[in-house]
1. Does LEU11 satisfy the criteria of being within 30 Å of SER72 (Cβ to Cβ) and modelled with pLDDT of 95 or more?
2. Of everything in segment 35-58 that's over 25 Å from LEU73 (Cα atoms) and of a type in the set (A, V, I, L, M), which residue is farthest from the chain's Cα centre (by Cα)?
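The values are calculated or read from the model by the stated rules, or taken from the named source; none is laboratory data. Predicted model, so just to flag it, every value in this text is computed and none were measured. Every residue, glycine as well, gets a Cβ built from its backbone with ideal geometry; the counts of neighbours run over all protein chains shown.
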Amino acid sequence: MDFLANDTKYLRAKERVAQVRKFYSSLLSYAVFISFLAGLNYYIDQWDHPWFLWAAFGWGIGLLFQAAKAFSLESLFLGRDWEARKIKQFMNEEDRTEKWD
């Protein structure tokens, strides 16, 4: 049983590391691409119409959601063990319904 728990923890940690790596990769892409758009915007319009901000804002919102997922910020709103409690609750409900079948 202890081996299974350690294996599950390892898999969860490995998945979390992959999410964090993906976030940093996306952040780097964001910085490079938005910088390019800002330079292009300056070259074309001389800051008369800063249209690159629309792309920065839209992509930034997506990046915030990705950061929340990668760094488990949803636990700030739902509590630390919310997911584990819900899984246990659903399993108990399923056990109760199986007894009646």
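1. no
2. Only one residue tops the list, namely ILE44.
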